[in-house]
Amino acid sequence: MIDLHCHMLPGIDDGASNLAVAVEMARLAAENGVETQACTPHILPGLYHNSGPQIRAATESLQKRLDEEGVPLRLVVGADAHLAPDMPEKIRSGTIPTLADSRYLLVEPPHHVAPPRLDDAFFRILVAGHVPILTHPERLDWIESHYPAIVRLFEAGVWMQVTAGSLLGAFGRRPLYWAERMLSEGRVHILATDAHGVGRRRPALAQGRDAAARRLGAEEARRLVYDRPAAVIADHPPNRVPAPGFDSRGAYGSMTAAQSREGRGRRSEGVVHGGETRSFRALERRNGGGARSLLDRLRALFSE
Ligand SMILES: [Fe+2]
């Protein structure tokens, strides 16, 4: 399996507190069946001042230690970057590292309050040519009041990452409900641990995969923890990656993202194209271009 979200680098956020914990987390991940692990510390201005070069150095240093200790885990860089309007610039400058230097990156919205201009912030990242992966939507306090906004982002091409532990009830009943609901609706691209230590939030991707398999079938469960994460690391364009969905119904799981998007086209046209939402018009104004040209750029991104 490949885990794209984990706070394993020692001493730089609220994850592993020291090197011994980091090595133990890596050992647990490997024992759990993870072969490749993205190290994704928080980047949150004012709290966690991590940046690309420093994360890269810390990842290389931990990899060296794991090799010495014989822990069979391959590390790649990444970050759990807090949503901010200047993300495209920070990605371009290398301050925010993408996952394994691909076009994909983890983006964490605020937990407690829905941010203003949520759509704009994500569209700016998409238009800049990146694929944002929204982390743990099921655990956001505001998902209940803003679920249509989450769906809009999904339809626009934002990927969704659910936490393995949410499917096991580790975060309580509401995250469990939303994790299962989003899975059942075919709106989850990736399952990841978001592990923070060796206690309650230890790496447990296999258990999450098995819970997903009971709901969606073994094939789609494998896509959640292997095929799509592998496509991310290989930087495959999203339209070449199987879209989320069920095995058993063969509805979405066997289709490519492009085919699925075509099937759902009317809805997404309503959001971005025909609807010309307020946020999209605002984006248009700020960029000085027509909504049509922005839409074309989004389309080009997904038809590469
Ligand atoms: Fe995280």
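Let's see how each residue does on (1) farther than 23 Å from E180 by Cβ; (2) crowded, with 18+ Cβ neighbours inside 10 Å; (3) not small (G, A, S):
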{"site": "E89", "(1), (2), (3)": "yes, no, yes"}
{"site": "T98", "(1), (2), (3)": "yes, yes, yes"}
{"site": "R117", "(1), (2), (3)": "yes, no, yes"}
{"site": "E138", "(1), (2), (3)": "no, yes, yes"}
{"site": "D141", "(1), (2), (3)": "no, no, yes"}
Q: Give me a count of the residues in region 3-19 that are buried (at least 18 other Cβ atoms within 10 Å of the Cβ) and more than 16 Å from the ligand (Cβ to nearest atom).
A: 0
(Q) Going by what's in this entry, would A231 be described as without any contact (Cβ under 8 Å) to a residue 60 or more places away in the chain and either away from the ligand (no atom under 16 Å from the Cβ) or of a type outside the set (A, V, I, L, M, F, W, C) (or both)? (A) yes
Q. With (1) within 13 Å of the ligand (Cβ to nearest atom); (2) at positive phi as the list, and L44 as the residue in question, which single condition is left unmet?
A. (2)
(Q) What are the pairs with Cβ atoms under 8 angstrom where one residue, in region 80-96, is more than 9 Å from I43 (Cα to Cα) and the other, located anywhere, is exposed (fewer than 13 other Cβ atoms within 10 Å of the Cβ)? Sequence gap at least six, or different chains. (A) A84/P45; G94/P53
Q) Restricting attention to region 87-117, which residues are modelled with pLDDT under 95 and under 20 Å from A57 (Cβ atoms)? A) none
(Q) Quick test for you: out of L66, L28, L9, L105, pick the one residue that is of a type outside the set (D, E) and part of a strand (DSSP E or B). (A) L105
(Q) Please count how many residues of region 53-87 are surrounded by 20 or more Cβ atoms within 10 Å (Cβ to Cβ) and of a type in the set (G, A, S). (A) 4
(Q) Checking L75 against (1) over 19 Å from D194 (Cβ atoms); (2) modelled with pLDDT of 95 or more: exactly one of these is not met. Which one? (A) (1)
Q.
Condition check: under 20 Å from P132 (Cα atoms) and part of a helix (DSSP H, G or I). Does I55 satisfy that?
A. yes
Q.
Tell me the residue from A38, A22, A79 that is among the small types (G, A, S), touching a Gly at 6+ places or on another chain (Cβ under 6 Å) and within 16 Å of the ligand (Cβ to nearest atom), please.
A. A38
Q. Can you tell me which of A156, A128, A149, A164 is over 12 Å from the mean Cα position of the chain (by Cα) and within 16 Å of the ligand (Cβ to nearest atom)?
A. A164
Q. Does region 88-121 hold any residues that are touching a strand residue (DSSP E or B) at 6+ places or on another chain (Cβ under 8 Å), among the aliphatic types (A, V, I, L, M) and more than 16 Å from the ligand (Cβ to nearest atom), and which are they?
A. I91, A100
Q. Just for region 33-52: of the residues that are in contact (Cβ under 8 Å) with a residue 12 or more places away in the chain, of a type outside the set (A, V, I, L, M, F, W, C) and part of a loop (DSSP other than H, G, I, E, B), which one is surrounded by the fewest Cβ atoms within 10 Å (Cβ to Cβ)?
A. P45
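The values are calculated or read from the model by the stated rules, or taken from the named source; none is laboratory data. It should be emphasised that the depicted structure is a prediction, and the values quoted were computed from it without experimental measurement. Every residue, glycine among them, receives a Cβ derived from its backbone with ideal geometry; neighbour counts consider all protein chains shown.
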